Amino acid sequence: MTDDLFSRDAYLATCEATVLATDGVGVVLDRTVFYARGGGQPGDSGILRWGERTVVVTDTVRDRESVEIVHLVDGAPPPVGATVTCELDWARRYTHMRTHTALHALSGVIFRDHGAKVTGGNMESGGLARMDFELESMSAELGRDVEAELNRMLAEDRPVHVLLVPRADALADPDLIRTKINLVPAAIDPIRVIDIEGIDKQADGGTHVHSTGEIGPVHVVKTESKGKANKRMRIQLDPS
Ligand SMILES: [Zn+2]
């Protein structure tokens with residue numbers, strides 16, 4: 001299994017690694033800084049460098065069967081056994097980190113002020129994202145209220161903690177119960193939890209910023225109804 005360095009340090013933009021396997025389009029490494037697409041966060045892109053050679057990583061995914069992290073490359077992959085340098089497209093990834101933390105904070109604000117749970121969400125590149133809520137009604141006015149409250153809380157520069165919580169403790173934590181913590185596969189123990197101090201706490205495998213001040217202003221650019229009890233908000237972050 002690949003050592004997923006990003007889960008312990010989201011700010012690592014490069015690392016050295018050894019090629020364990022390749023099928024010509026995908027490369028498996030012994031360690032990596034590339035986040036594999038999942039949990040609504042896009043997979044990382046960048047380059048692999050070995051000797052005088054480089055190849056572009058267009059996306060990073062998790063293989064459905066082996067659950068290995070696979071770096072999808074556009075060009076000839078490095079040979080098995082080669083030592084490579086992984087270099088992230090850091091600007092793109094950092095925007096994903098800011099966006100991901102913003103989405104968690106948004107879900108915390110909506111739950112606290114409106115009692116609504118999240119039914120889905122997704123991030124695009126460029127600081128754009130959407131989140132769906134179990135809400136009866138949605139309006140532009142509600143969007144503006146949520147935006148103001150979200151930005152007020154983010155501007156307090158609250159710390160974001162990455163915790164490894166024993167499964168039994170996580171299942172008993174009232175803050176985590178609302179996020180359907182019981183749906184995390186039974187084999188996972190401890191459970192990785194992202195805690196945005198005083199705003200939101202949930203099980204998550206993604207990469208996040210250290211504090212909410214890094215996110216900057218969040219704009220609610222669209223509110224829409226996706227069904228009776230399913231309402232959507234689209235957000236846009238400023239460039240970093
Ligand atoms: Zn998340």
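The values are calculated or read from the model by the stated rules, or taken from the named source; none is laboratory data. What you are looking at is a predicted structure, and each value in this text was computed from that prediction instead of being measured. For neighbour counting, all protein chains shown are included, and Cβ atoms are generated from backbone atoms with ideal geometry for every residue, glycine included.
Can you find, within the range 175-204, the residue that is nearest to His114 (Cα to Cα) among those that are in a loop (DSSP other than H, G, I, E, B) and aliphatic (A, V, I, L, M)? Spell out how you get there, then give the answer.
To start, the set of residues in the range 175-204 that are in a loop (DSSP other than H, G, I, E, B) comprises 178-180, 184-190, 197-199, 204.
Adding the requirement that they be aliphatic (A, V, I, L, M) leaves 184, 186-188, 199.
Numbers: Val184: 25, Ala186: 31, Ala187: 33, Ile188: 31, Ile199: 14 Å.
Once the filter is applied, the top-ranked residue is Ile199.
Inside the range 133-166, can you point out the residues that are surrounded by 19 or more Cβ atoms within 10 Å (Cβ to Cβ) and under 14 Å from Lys222 (Cβ atoms)?
Residues satisfying the conditions are Phe133, Met138, Gly143, Val146, Glu147.
Of all residues in the range 198-211, count the ones that are away from the ligand (no atom under 12 Å from the Cβ), more than 21 Å from Pro42 (Cβ to Cβ) and surrounded by 15 or more Cβ atoms within 10 Å (Cβ to Cβ). Show your work before the answer.
Initially, the range 198-211 is screened for residues away from the ligand (no atom under 12 Å from the Cβ), giving 198-199, 209-211.
Filter once more, so that each one left must be more than 21 Å from Pro42 (Cβ to Cβ): 198-199, 211.
Filter once more, so that each one left must be surrounded by 15 or more Cβ atoms within 10 Å (Cβ to Cβ): 199, 211.
Matching residues across the range 198-211 total 2.
Taking the conditions exactly as written (touching a strand residue (DSSP E or B) at 6+ places or on another chain (Cβ under 6 Å), modelled with pLDDT of 95 or more and within 16 Å of the ligand (Cβ to nearest atom)), does Val218 satisfy them or not?
yes
Scan the range 133-162 for residues that are modelled with pLDDT of 95 or more and within 30 Å of Asp59 (Cβ to Cβ) and jot them down.
Leu150, Leu154, Val160, His161, Val162
Only residues that are under 19 Å from the mean Cα position of the chain (by Cα) and under 19 Å from Arg62 (Cβ atoms): list them for the range 163-193, please.
Passing the criteria: Leu183, Val184, Pro185, Ile188, Ile191, Arg192.
Could you pull out the residue among Glu149, Glu141 that is within 17 Å of Ile199 (Cα to Cα) and either in a helix (DSSP H, G or I) or within 14 Å of the ligand (Cβ to nearest atom) (or both)?
Glu149
Let me confirm something: among Arg37, Arg92, which residue is surrounded by fewer than 20 Cβ atoms within 10 Å (Cβ to Cβ), within 16 Å of the ligand (Cβ to nearest atom), within 26 Å of Leu150 (Cβ to Cβ) and free of Cβ contacts under 8 Å to residues at least 60 places away in the same chain? Please lay out each step first, then the result.
Values: Arg92 fails: within 16 Å of the ligand (Cβ to nearest atom).
Every option except Arg37 fails the conditions.
So, Gly127, is that one of a type outside the set (Ser, Thr, Tyr), surrounded by 13 or more Cβ atoms within 10 Å (Cβ to Cβ), away from the ligand (no atom under 13 Å from the Cβ) and on the phi > 0 side of the Ramachandran plot or not?
Yes; evaluated as a whole, the condition is true for this residue.
Residues being exposed (fewer than 13 other Cβ atoms within 10 Å of the Cβ) and either of a type in the set (Gly, Ala, Ser) or within 25 Å of Gly213 (Cβ to Cβ) (or both): count how many of those fall in the range 167-180.
Count: 2.
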